[in-house]
Each structure stands twice: as structure tokens, then as C-alpha cells.
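Enquirer: For reference, the structure I am asking about is given below.
The values are calculated or read from the model by the stated rules, or taken from the named source; none is laboratory data. Here the structure is a predicted model, which is why all the values come from computation and not from measurement. Here Cβ is always computed from backbone atoms with ideal geometry, including for glycine, and neighbour counts include all displayed protein chains.
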Amino acid sequence: MLIGEVARKSGVSARMLRHYESLGLVRPTGRTGAGYREYSSEDCRRIFHVESLRSLGLSLREVGRALDDPGFVPSGLVEDLIRRTRERIEAETELLTRLRRIGTAEPEGWEDVLQTVALLQALASQNAGERQRAALALAEEVPVPVEALAEAVLSEPDPYVAGALRWALAQSGPDGLVPLAEGLGSPQAEVRERAVRSITEFPDRAATALLRDALAHQDLAVRRYAALELGARGVAEAVPTLVGMVAEGANDVDAADVLATLASRPEPADRIAAGLVDRLTHGAAQPSVRRRLTQALADIPGATASRALAELSHDEDRAVALTAAYLLGRRDAK
């Protein structure tokens with residue numbers, strides 16, 4: 001077959017066939033009397049092989065090696081192609097995500113687009129200082145999509161940058177809670193912690209509802225962060241977790257302060273006192289645990305707490321007894 005017919009049947013242009021010939025990939029078997037290239041059925045089969053390998057992403061140099069090198073092993077090249085394809089997909093996915101986020105920001109002009117791109121790049125920087133400056137820029141109402149901001153919050157290891165990002169996300173409104181709720185289900189403990197800490201920055205009812213759900217979370221750290229914030233919001237459901245934090249010495253000072261704030265109302269006060277007394281009665285054998293629970297009773301008003309302190313003033317542990325007697329005396333002097 002002449003080059004024109006081969007081009008029609010193979011879908012490879014005559015120009016590309018001549019290029020293949022110049023590279024030594026596909027040489028026509030012969031020439032006609034007039035000097036035209038003439039391709040045999042074997043030549044056409046080789047053209048098909050070249051095109052098949054090119055469709056896999058091989059360069060023409062790699063195609064030549066694959067077809068002509070008897071010692072060529074395809075497995076290594078295939079693995080390399082897999083790696084390069086994954087990298088290309090990741091790059092394209094990142095680009096698609098960035099384009100969607102820019103679209104979500106609804107830019108009115110190219111200045112807005114460039115500003116958003118610069119901010120997204122800064123939020124993804126390896127340099128904490130750049131991320132910090134980007135976080136501060138958010139405080140100046142630079143537009144940025146909520147999803148991008150939430151992603152930055154959930155991946156930010158630096159506490160100073162994270163604080164600024166959490167504040168900025170909270171200003172975005174209730175839409176910012178959606179990716180944070182998803183973050184609570186992350187398989188990574190640090191992401192779950194960042195998610196619950198970010199939720200505490202939202203003052204609305206939707207955030208409180210999420211925190212209530214978090215009290216039953218399988219992650220103990222999530223439960224504790226949720227309890228501290230819910231207690232500060234006056235939600236009595238947090239009492240058992242807060243009492244447990246005092247007993248276990250986990251951020252116990254903050255937990256005791258939140259319990260004291262909750263106890264400003266009669267109903268939570270009785271519940272808190274009962275919870276502390278119960279932990280003292282059951283399983284609080286270690287002196288250090290009993291001391292923490294005794295100190296937590298100090299700012300809990302009501303008869304239940306007073307009776308507990310009176311009993312503890314005779315505790316076999318001298319430090320516990322002295323602490324309870326002092327606290328009881330201070331209550332009687334008021």
C-alpha cells in the first residue's frame with residue numbers, strides 16, 4: 001500500500017508516517033518504480049503497535065525501545081507509567097479543585113481571580129509564616145471559598161496559624177460547619193481534634209448540636225473538647241465527661257472551672273455535686289484523684305457538696321482531709 005492509503009486506513013497522517021520513518025520506527029518495506037513508499041502488511045502491523053504503545057503514554061523513544069530491544073522488560077516501564085499517570089491525575093484533580101473553588105468565590109474580575117489564587121497558594125505553602133500572613137489576610141475579608149478554608153483548618157499543624165484560620169472559618173457562617181462535621185469522621189486523630197476545636201468557634205445552635213453529638217464520639221479527645229465548650233455554653237449534658245476529666249487529670253483545671261460556671265444554676269449544681277461524690281465513692285482510691293475531686297467541689301454550691309466536704313474532712317488521706325476542711329470552712333464563712 002502507498003502512504004496515502006495507509007494513512008486513510010490507519011488514521012495516522014502521512015506527515016506522521018514520514019516522521020516515524022525518519023526516527024526509524026516504521027520504515028516502508030519497499031518503493032514503487034516511481035519511488036513512492038510502499039508499505040507491507042507487516043509494516044501496517046508495526047504502525048498499529050506504535051499507535052497502541054503511544055496510547056499508553058509512551059514517548060516515541062520508549063516505543064522504539066519496546067519494539068526493537070530484545071532485552072526490553074515492559075514491567076518496569078508499565079510501573080513508571082502508572083506512577084506518572086497518578087501524578088498527572090493528582091495534578092489535574094488539584095487544578096480542578098482550585099478552579100471550582102475560584103468559581104465558588106464568584107469573582108467579578110481578573111483581579112479577584114488572581115487574589116483568590118494567591119491566597120489559596122499561600123494557604124498551601126510549606127512556610128508557616130506565609131500561611132500566617134494568608135490567615136491574617138482572611139481577617140481583612142479577602143474572599144476565599146469555605147471548602148478551601150476548612151481544608152486549611154483541618155490540615156494546619158501550627159497552633160498560631162490554626163487559631164487565625166479557625167476564627168476566619170467561623171466568620172464564614174453555618175456553611176463552614178459542613179466540612180468540619182465530615183472532619184469529625186476522619187480516620188486521623190489530629191484531623192478530628194482540629195475539627196472539634198474549630199466547631200467550638202461557631203456560636204450558633206447548629207454548632208451546639210454538633211458538639212452534643214460529639215459527646216458520644218468514639219474519640220475521647222473529641223468528647224473532652226466538646227464537653228468543655230458545651231459546659232461553657234451551659235449545656236448540662238457535658239457534666240459526666242467534665243467530671244471524668246477532673247478525676248482523670250485530663251485538662252482538669254479547665255474542666256473544674258467549667259463545672260463551677262455550670263453550677264451557677266441549682267439543677268446543674270446538684271447534678272455536678274452528685275457526679276463528683278459518685279466518683280469519690282466509687283473508684284477514687286488514689287489520693288491524687290481524691291484531691292482533684294475535692295478541690296472541684298469547692299465552687300459547687302448546695303447541700304450535697306457541703307455534706308461531701310464534711311465527710312472528706314475526715315478522710316484517711318491527710319492532704320484530702322485538710323483540703324476539705326479548709327474548703328468547708330471557707331464555705332461556712334460566706
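Enquirer: Which one of these is over 24 Å from A162 (Cα atoms) and among the basic types (K, R): R223, R212, R265, R233? Spell out how you get there, then give the answer.
Expert: Details: R223 fails: over 24 Å from A162 (Cα atoms); R212 fails: over 24 Å from A162 (Cα atoms); R233 fails: over 24 Å from A162 (Cα atoms).
Just a single option satisfies the conditions, and that option is R265.
Enquirer: Within region 189-202, does at least one residue satisfy the condition of being under 21 Å from L149 (Cβ atoms), of a type outside the set (A, V, I, L, M) and surrounded by fewer than 19 Cβ atoms within 10 Å (Cβ to Cβ)?
Expert: Going through region 189-202, the residues under 21 Å from L149 (Cβ atoms) turn out to be 190-202.
If we keep only those that are of a type outside the set (A, V, I, L, M) too, we end up with 190, 192-194, 197-198, 200-202.
Pick out the ones that are also surrounded by fewer than 19 Cβ atoms within 10 Å (Cβ to Cβ) and you get 190.
The answer is yes; a qualifying residue exists.
Enquirer: Can you give me the number of residues within region 123-138 that are among the aliphatic types (A, V, I, L, M) and buried (at least 18 other Cβ atoms within 10 Å of the Cβ)?
Expert: Here the count works out to 5.
Enquirer: Next question. If you go through region 271-323 one residue at a time, how many are in contact (Cβ under 8 Å) with a residue 40 or more places away in the chain and farther than 26 Å from V235 by Cα? Don't jump to the end; show me each part of the working.
Expert: Start the filter on region 271-323 by keeping residues that are in contact (Cβ under 8 Å) with a residue 40 or more places away in the chain, which leaves 289, 292-293, 296, 299-300.
Checking which are farther than 26 Å from V235 by Cα leaves us with none.
Of the residues in region 271-323, 0 are in contact (Cβ under 8 Å) with a residue 40 or more places away in the chain and farther than 26 Å from V235 by Cα.
Enquirer: Within region 62-79, count every residue that is hydroxyl-bearing (S, T, Y) and under 13 Å from V26 (Cα atoms). Steps first, please.
Expert: First, pick out the residues of region 62-79 that are hydroxyl-bearing (S, T, Y): 75.
Still in the list and also under 13 Å from V26 (Cα atoms): none.
Number of matching residues: 0.
Enquirer: Name the one entry in R27, R15 that is among the charged types (D, E, K, R), modelled with pLDDT of 85 or more and not in a helix (DSSP H, G or I).
Expert: Numbers: R15 fails: not in a helix (DSSP H, G or I).
None of the other options fit; the residue is R27.
Enquirer: Name the helices (runs of 4 or more DSSP H) wholly within region 216-276 that hold at least 3 residues that are among the acidic types (D, E) and either outside the structural domain of R192 (by TED's automatic domain parsing) or under 27 Å from E311 (Cα atoms) (or both)?
Expert: On the way: elements: 220-232, 239-248, 252-262.
Those helices (runs of 4 or more DSSP H) span 252-262.
Enquirer: Applying the selection to region 46-73, what residues are surrounded by fewer than 10 Cβ atoms within 10 Å (Cβ to Cβ) and not polar (S, T, N, Q)? Quick ask: steps written out before the conclusion?
Expert: Of the residues in region 46-73, the ones surrounded by fewer than 10 Cβ atoms within 10 Å (Cβ to Cβ) are 55, 69-71, 73.
If the condition is that a residue be surrounded by fewer than 10 Cβ atoms within 10 Å (Cβ to Cβ) and not polar (S, T, N, Q), then D69, P70, G71, V73 are the ones that fit.
Enquirer: Being assigned to a helix (DSSP H, G or I) and crowded, with 18+ Cβ neighbours inside 10 Å is the filter; apply it to region 91-114 and report the residue that is modelled with the highest pLDDT.
Expert: Kept after step one, since they are assigned to a helix (DSSP H, G or I), are these residues of region 91-114: 91-104, 110-114.
Now restrict to residues that are crowded, with 18+ Cβ neighbours inside 10 Å: 101-102.
Numbers: R101: 65, I102: 68.
Of everything passing the filter in region 91-114, I102 is modelled with the highest pLDDT.
Enquirer: Next question. For region 179-202, name all the residues that are of a type in the set (A, V, I, L, M, F, W, C) and more than 21 Å from A124 (Cβ to Cβ).
Expert: A181, L184, A189, V196, I199, F202
Enquirer: Here is a check on your reading of the model: is A206 farther than 16 Å from V153 by Cβ, outside the structural domain of A296 (by TED's automatic domain parsing) and modelled with pLDDT of 95 or more?
Expert: Numbers: farther than 16 Å from V153 by Cβ: yes; outside the structural domain of A296 (by TED's automatic domain parsing): yes; modelled with pLDDT of 95 or more: no.
No; evaluated as a whole, the condition is false for this residue.
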